[in-house]
Structures are given as structure tokens and as C-alpha cells.
Amino acid sequence: MVNHAPAPQDIAVIGAGLVGSACALALAEDGHRVTLFDPDPPGAGTSSGNAGGIVTGAVVPTATSQVLRALPSYVLDRNGPAVLRLRHALHALPWLWRFVRAGRPAEVARIAAALWPLVEGSLTAHRQLARLAGADGMITDEGWLKVYASDAEFAATAPDRLLMDRCGVRYQVLDQAEVMALEPGLNPDLARIGMHQPESGFVRDPRGLAQSYADAALSRGARHLCQRVRGLVRRPGGVTIHADAGPQDFDRLVIAAGAWSATLARQLGDRVSLDTERGYHLGFGAQTAGLLRRPVGLPALGMVLSPMQGGLRLVSGDELAGLTAPPDFRRIRGLVPQARRAVPGLSEQPVTSEWMGFRPSTPDSLPVIGVSPHGPEVIHAFGHGHLGLTLAAITALMVADAVAGRPPRVEPRPYVIGRFR
Ligand SMILES: Cc1cc2nc3c(=O)[nH]c(=O)nc-3n(C[C@H](O)[C@H](O)[C@H](O)COP(=O)(O)OP(=O)(O)OC[C@H]3O[C@@H](n4cnc5c(N)ncnc54)[C@H](O)[C@@H]3O)c2cc1C
């Protein structure tokens, strides 16, 4: 997206979530003829319901030795923050095997080091795309705050802090008075210690941001076809897409279909280990949006409280149950009293909405970004797990660089799909 303009190509992007919409904008800005396939409006699915954090210090992978020790409780404790549904367990076994291997200490350190250049550049990348989209105001810089009720709770974060220190993540440890100065709406008893990453960004309306990116792509000549892609075939010099309205040829294809990407990649000969970590939120009414200023994580309760545009959002849950099982809101509903205790201003406020989304998760917590080993006409941009909002824009810039043949801004090897062979 800088220096010399690449020769324009016909490029299809499958998926208009945050990642696909950002890719469409970065490619359209480079002068390509972009077609965005998605039966749904931009950002309407998983990308709409997150906690809004662009977390520039998120280097701790999902699989760590602490999480591995807790794995049995994922099956046994129906009320825990993470759940593995038995009906999905057999299907998930290969993914779980890789997840366990990713949790070995040397792997955790390698993965953190590979996440760091992505997350470190994530907010700058979003600001670059948001400027193109005239959406600068949608990203604010309140930072990312986690709070702890006791020294013991905070001490349990020592392994995470060690990883963050090794990578060079900047954060501040705050005492109770400092936390309360940042967030007067919190219950001080649950906020005796804080960890603040002031350089992180916040998006109160992530669906709106995806829509802005897609709109900016359309204003640069892209088109959005409200069609589901049903089949993909490589042909010399490109790819044929079979969508609802029949076959169409493209020079290049970007797969950005979130949790549904593995089936598409497999049709083109690219195997990947991808499952979904389903996550939930409950929304309180619009009048609650001012109770906090930024997303606040309460790790001991397994929840984040985010002051979104439509009201305070209680975000929680990590459920391995596949793409088709119905949602199970019992656990997150059970967290409402704790949320009201954490933010006393919520006490009289009713829950006004319930939501579930599908995090597209690789077992090693690294996204899949880059050209297919079977040919450069296919580019992958999925598997962002817990960090799809954070990483959408930097992924898009990396995709545009790959198409243009520009030197990569981030060493691409850790993210290639070939690691799943
Ligand atoms: C509860 C929760 C909280 C989260 N909080 C955060 C956070 O604070 N910060 C953060 O960075 N991340 C967060 N995330 C993660 C983030 O929301 C996701 O990683 C991100 O939304 C994934 O974006 P995506 O564009 O890859 O996928 P999606 O948003 O799922 O978009 C994929 C799109 O592909 C389309 N599609 C699928 N198959 C086809 C097909 N065959 N043809 C055409 N279109 C197709 C779908 O319709 C969909 O619109 C959270 C996630 C959850 C669930």
C-alpha cells in the first residue's frame, strides 16, 4: 500500500468479517479489482460481538502449562470458563493433540515471540486503514486493563508477565487507588491490583468498523456479492469460484472466512488444523455504556466487561463444541451477579441481549497468513482466534504486500499454512 503500485488483478476475498473487510480495503487501495463474497453484511457475525480490544500486548498464547493443567476441568466442570463438549471431543482430538504440544514451555516462548510483531504493529495498522476509511474516530486509545482482587490472584500472572517482559510488552502495574482513578465505576474490592496496557486500542462498535472498511473498499471500486462460496478449483494462473450465482474466474483468492475457512482451504489442497472456540456475550442497555471507560478483564471470574456503543457487554466463555451445536447460555447467565458485583452501577440494569460467536482458532494461537504452498494464487488470512479484531488490519497489510510482491513487513514464516503438514 505504499511506494510502487502493483499491476491490478482480479481478486476474490471470501468472508466480510473484520479480516476480510480489511483485506478488501487494503487490496482495493492498491488498485486491485476486488470482489468480496459473503451472504451476510460486513462484520455481522463473530466480528460484531467481541470485547472491542485491539490488544497490542497480547503475546500469551491460549495453550500454556497453566491451561494444560486445567484441561480435565474443561470436560468435568460445566460452569468453568472453558468447556469441551463431549459430543465434539472425538472430532477435536487432532486439534487438542496439537494444542497440548503448543503448551510446552519452549513452544509457548516461540509462539509469544511470533505473536509479538503482529500485535505490536496492530494498532498502527488499524489506524492506517481507519484513516483510509474515514473511520479514525472509531478507534480510541483507552488501553486494556485487567484487575485482581488479591496479591495471590496477581501472583498467578507471573508466567504471563515473564513472557510479556521477554517480548518487550509495555504495561503498568497499578495499586487500588490508581485503578479506581482510571475506572471509578469498579468495585474497589475486586480491583486491588491492576495491570494496564495503555498502548492498546478500543473499538466500541467492531461491526461498524468492519462495515467502514468494506464501504471504503466499495468506494474504491470493490463489489460485495451476497453469495456463499460453495466450491473452489485451481486453474492455471488463478482460481475458479463456484458461488450461488455460478462459476467465476479470478487471478487471486484470499480465504478470510473465519471459522469456516478450513473446508475452503482443503478444497485447494491446503490442510490446516482449525476449530472454533465459541464465545458468548450478554448486553446491558445503552444507558450502561458510561459505567466503564475501557474494557476491563477480571481473569479470576473469567470475564471481560466492555463499554460498547450499545451498552456494557459482559464477555466470557471458551467452548469447544463445533460449528453446529446450539448455544448454551446457562454459564454466562450465571455470571450476571458477579458482573453486577464488579460494576455496582449494573445492579438494577436488565440484560437486553444474548450472543454467541465462533472464534476461528488454530491450536498454536497463531493465525494463518500467507500464500499457499501449492501456488501464489491462493492467500490465507484466517485463524485469528482470540485476536481477530486486533490483527485484522495488520493481516490485511501483509496480504496486500504479498500480492504486490513488496518485502514482508513481518517475517511471514511462523504463520504459513505449511506448518500443519
Ligand atoms: C466473545 C468474544 C470476544 C472477543 N474479543 C476480542 C477482542 O477483544 N479483541 C480481539 O482482537 N478479538 C476478539 N475476539 C476474536 C474476534 O472477534 C475474531 O477473531 C474475529 O471476529 C474473526 O474475524 P474473521 O473476519 O476472521 O471471521 P468472522 O467475523 O467470522 O467472518 C467470517 C465471514 O466469512 C463468511 N463466510 C464463511 N463461509 C463463507 C463462504 N463459504 N462463502 C462466503 N462467505 C463465507 C461468514 O459469513 C462471516 O461473515 C473475540 C471473539 C469472541 C467470540
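Proximity of backbone amide H atoms, modeled 1.01 Å from N, is registered between L232 and H242 at under 5 Å, excluding neighbours fewer than 5 places apart on the same chain.
For the stretch 21-109, the Kirkwood estimate of hydrodynamic radius, built from reciprocal distances between every pair of different alpha carbons, is 16.8 Å.
If R0 is taken as 22 Å, the Cβ-Cβ distance between Q338 and Q176 corresponds to a FRET efficiency of 0.70.
Rounded to the nearest whole angstrom, the semi-axes of the ellipsoid equivalent to the stretch 243-311, taken from the Cα gyration tensor as √(5λ), stand at 39, 17, 10, largest first.
So what is the diffusion coefficient of the stretch 125-164 in µm² per second by Stokes-Einstein at 4 °C and 1.567 mPa s, using a Kirkwood Rh over Cα pairs? Translational D for this selection: 99 µm²/s. Summing Lys and Arg as +1 and Asp and Glu as -1 over all other residues whose Cβ lies under 13 Å from the Cβ of R228 gives a net charge of -2.
Ranking M356, A256, H91 by Cα position along the charge dipole of the chain, where only Lys, Arg, Asp and Glu carry charges on their C-beta atoms, puts H91 farthest toward the positive end.
When 1/r is averaged over all different Cα pairs and the result inverted, which Kirkwood radius in Å belongs to the stretch 156-225? Kirkwood radius, the stretch 156-225: 15.6 Å.
Couplings for the stretch 317-324, taken from phi via the Karplus curve 6.51 cos²θ - 1.76 cosθ + 1.60 with θ = phi - 60°, read x, 9, 10, 8, 9, x, 8, 10 Hz in order; Gly and Pro are left as x. Under the simplified labelling scheme, the V100-F329 pair shows an inter-label distance of 3.6 nm, with each label point 7 Å from Cα along Cα→Cβ. Summing charges over neighbours of A125, with a neighbour being any other residue whose Cβ is under 15 Å away from its Cβ, gives -3 when K and R count +1 and D and E count -1. Using θ = phi - 60° in the Karplus curve 6.51 cos²θ - 1.76 cosθ + 1.60, the 3J(HN,Hα) couplings for the stretch 399-405 round to 5, 4, 4, 5, 5, 7, x Hz; x is entered for Gly and Pro. For the chain, the longest principal axis of the C-alpha atoms and the axis of helix 65-76 are separated by about 80°.
The stretch between R419 and D40 holds 133.3 nm of extra length on full extension. This uses 0.36 nm per residue minus the Cα-Cα distance. Kirkwood hydrodynamic radius of the chain, from the reciprocal of the average inverse Cα-Cα distance over all distinct pairs: 21.6 Å. Remark: the stretch 153-159, residue by residue, has Karplus-estimated 3J(HN,Hα) of 4, 5, 4, 5, 8, 3, x Hz, where x stands for each Gly or Pro and the curve is 6.51 cos²θ - 1.76 cosθ + 1.60 at θ = phi - 60°.
Is the C-alpha gyration tensor of the stretch 208-349 telling us rounded, prolate or oblate? Criteria: a/c under 1.5 is rounded; beyond that, a/b larger than b/c is prolate, otherwise oblate. The shape class here is prolate. Can you tell me how the stretch 313-388 classifies by the Cα gyration tensor, rounded, prolate or oblate, using a/c under 1.5 as the rounded cut? Prolate shape, in that a/c is at least 1.5 and a/b is the bigger ratio. You can think of it this way: the chain between A70 and N187 has 39.3 nm of extra reach, that is 0.36 nm per residue less the Cα-Cα gap. Against the chain, whose longest principal axis comes from its Cα atoms, helix 122-133 is set at around 60 degrees. Taken over the C-alpha atoms, the stretch 1-71 has Rg and Dmax values of 17.3, 51 angstrom. The long axis of helix 18-29 is offset from the longest Cα principal axis of the chain by roughly 40 degrees. Annotation note: trypsin sites (Lys or Arg not before Pro) in the stretch 57-125 located in DSSP loop regions with a Cβ neighbour count of at most 13 within 10 Å are R78. Extension gain for A156 to A245 (0.36 nm times residue separation, less C-alpha to C-alpha distance): 26.6 nm. Every Cα-Cα pair in the stretch 148-286 was counted, and those over 26 Å apart are 56% of them.
Considering only beta bridges that DSSP places wholly inside the chain, some 75 percent are antiparallel.
Which residue, G279, G334, G317, has the largest displacement toward the positive end of the dipole of the stretch 259-378 when charges sit on each Cβ (Lys, Arg +1; Asp, Glu -1)? Positive-most Cα among the choices belongs to G334.
Coordinate-derived values only; no laboratory data. Computed from a predicted structure; not experimentally measured. Note that each Cβ is placed from the backbone with ideal geometry, even for glycine, and that neighbours are counted across all protein chains shown.
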